[in-house]
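This report refers to the structure that appears directly beneath it.
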Amino acid sequence: MLATKAVMEQGIHVEGINFFTGFCVEGHTHAIRKRDSDKPKRNNSLWVAEQLGIKLHIIDIIEEYKQVLLNPKHGYGANMNPCLDCKIFMVNKAKQWMLENGFDFIITGEVIGQRPMSQRKQTMPIVAAESGADDLLVRPLCAKNLPATLPEREGWIDRNQLFDITGRSRKPQFALAKQFGFTDFAQPAGGCCFLTDESYSLKLVDLWKARGKRDYELDDVMLLKVGRHIRPKPHFKMIIAREDGESQFMSGYKKEYISMNCHSHRGPLVLIDGTADDDDLHLAAQILARYGQGREAEQVEVTLRDQQGNERNIVVKPLLENEIPKEWFV
Amino acid sequence: MSQETLNVRRMLCPLPVIRTQDKVKTLQSGDILTVECTDPGVMQDIPAWCRINGHTVLETRAENSEYVIVLQVV
């Protein structure tokens, strides 16, 4: 937002690009969970574009992004976040878009030292070189700490009106925001990608391990964002809705997964990921019963539903809390 | 002028916006597009996308946990 504004202040026409990897947080959990229904659901990139009065192009890169996540040349951050490869990939995509749409150069909001992996003095030239953007990539917020780019050398943009921000502190950005008259800002980077989240990353790795291959579909990515995940056996996992909003969202997947819910008592919807036989489903029903209002009952009736919608009921005894090993929780 | 419907149920934002954006690219000025969604976030996001791109939102309505947005392409 600040980088864009800084360039627009020089009378330069800017349009925004927002890439959707599938792992973007963007209020998904808020959208799903009823208890978060009072939280704002705005898409930050759209909001920023509207505040700035620029066009925004949101680009679906879900399929192409798989290669970035599965084979990152520069490795992962603290979790499954391939931040440097991600940035290189996105800048490369931005360059392609720039060429196809008659634009002259690319700007990003990067700041040297802002992020420990992808925004370091050493990584700035790597992003520029490996993305192919080279010196058409301008970082207005820290430009004065970097060699002059082609747009600066050619006078398309005035380097003197760019900035020299460095480090993790966001105080200079807040000051600049105040100078520009901004009173509200979007979530800072790092908090907007599920791959930086430890719990999410563990679930993703568990999914790959269980399937014996490192691959995923968009539905996998979405379902890792919801529910309590319990893996009683290596070949199947339960996704247990934690509240009504999640149950409603997960009910949209009944045609893709075996599902179950408690028939005799109020309780959550469960999806079964993997291949579960009758014994497995019986165990899953006992676990499910633990999370419903029948947890203290001697027995409960559970409805099992296959992907074609065929239903049957079984009667099970709910497991006690200490009968569900901690190791089962993903 | 044509009237088209786009089903983006189950998709979470920004996918409904992306699919709307892609669909609108195939339409002509004056065409009307009805977008059917389940993510309540679309009630903010699709109108915001329309405002940014100059399209007109003719109607937004919520009915039985579904959200419908009718827009006219500029």
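Points worth noting:
- Some residue of region A:213-233 being under 18 Å from A:R305 (Cα atoms), modelled with pLDDT of 95 or more and not polar (S, T, N, Q): no
- Considering (1) within 18 Å of A:D219 (Cα to Cα); (2) in contact with a Gly (Cβ under 9 Å, 6 or more places away or on another chain); (3) among the small types (G, A, S), the lone condition that A:G292 does not fulfil carries the number (1).
- Within this structure, A:R295 passes the test of being among the charged types (D, E, K, R), over 30 Å from A:N71 (Cα atoms) and surrounded by 15 or more Cβ atoms within 10 Å (Cβ to Cβ).
Residue-wise test of (1) more than 14 Å from chain B (Cβ to nearest Cβ); (2) closer than 24 Å to A:A78 by Cβ; (3) assigned to a loop (DSSP other than H, G, I, E, B); (4) among the basic types (K, R).
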position	(1), (2), (3), (4)
A:S201	yes, yes, no, no
A:L207	yes, yes, no, no
A:H229	yes, yes, no, no
A:P232	yes, no, no, no
A:Q248	no, no, no, no
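Rundown of residues vs (1) charged (D, E, K, R); (2) in contact (Cβ under 8 Å) with a residue 24 or more places away in the chain; (3) assigned by TED's automatic domain parsing to the domain that holds A:R153; (4) assigned to a helix (DSSP H, G or I), yes/no style:
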| residue | (1), (2), (3), (4) |
| --- | --- |
| A:W97 | no, yes, yes, yes |
| A:D104 | yes, yes, yes, no |
| A:E110 | yes, yes, yes, no |
| A:M117 | no, yes, yes, no |
| A:P125 | no, no, yes, yes |
| A:A128 | no, yes, yes, yes |
| A:L141 | no, yes, yes, no |
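- If the condition is being surrounded by 13 or more Cβ atoms within 10 Å (Cβ to Cβ) and hydroxyl-bearing (S, T, Y), then region A:142-186 contributes A:T149, A:T166.
- Qualifying positions in region A:18-46 - facing chain B (nearest Cβ under 7 Å), part of a helix (DSSP H, G or I) and modelled with pLDDT of 75 or more: A:L46
- Of the set (1) in contact (Cβ under 8 Å) with a residue 24 or more places away in the chain; (2) surrounded by fewer than 13 Cβ atoms within 10 Å (Cβ to Cβ); (3) polar (S, T, N, Q); (4) away from every other protein chain (no Cβ under 12 Å), all apply to B:T26 but (1).
- Just one residue in the set B:T5, B:T38 is within 23 Å of A:M222 (Cα to Cα) and touching a Leu at 6+ places or on another chain (Cβ under 9 Å); that residue is B:T38.
- Scope region B:38-68; condition aliphatic (A, V, I, L, M) and more than 14 Å from every other protein chain (Cβ to nearest Cβ); matching residues: B:L58, B:V68
- Screening the candidates B:T5, B:T20 for the property of being closer than 19 Å to B:E63 by Cβ, within 10 Å of another protein chain (Cβ to nearest Cβ) and in contact (Cβ under 8 Å) with a residue 12 or more places away in the chain yields one hit, B:T20.
- Residue that is nearest to A:A177 (Cα to Cα), among those in region A:125-141 that are aliphatic (A, V, I, L, M) and surrounded by 15 or more Cβ atoms within 10 Å (Cβ to Cβ): A:L141
- Every residue from region B:8-20 that is crowded, with 19+ Cβ neighbours inside 10 Å and either at positive phi or within 10 Å of the chain's Cα centre (by Cα) (or both): B:V8, B:P16, B:V17, B:I18, B:T20
- Within region A:83-129, tally of residues that are under 17 Å from A:K55 (Cβ atoms) and of a type in the set (G, A, S): 2
- Residues in region A:47-57 that are within 8 Å of chain B (Cβ to nearest Cβ) and either of a type outside the set (A, V, I, L, M, F, W, C) or surrounded by fewer than 21 Cβ atoms within 10 Å (Cβ to Cβ) (or both): A:W47, A:E50, A:I54, A:K55, A:H57.
The values are calculated or read from the model by the stated rules, or taken from the named source; none is laboratory data. Everything numeric in this text was worked out from a predicted model, so none of it was measured. Counting neighbours? That spans all protein chains shown, and the Cβs are built from the backbone with ideal geometry, glycine included.
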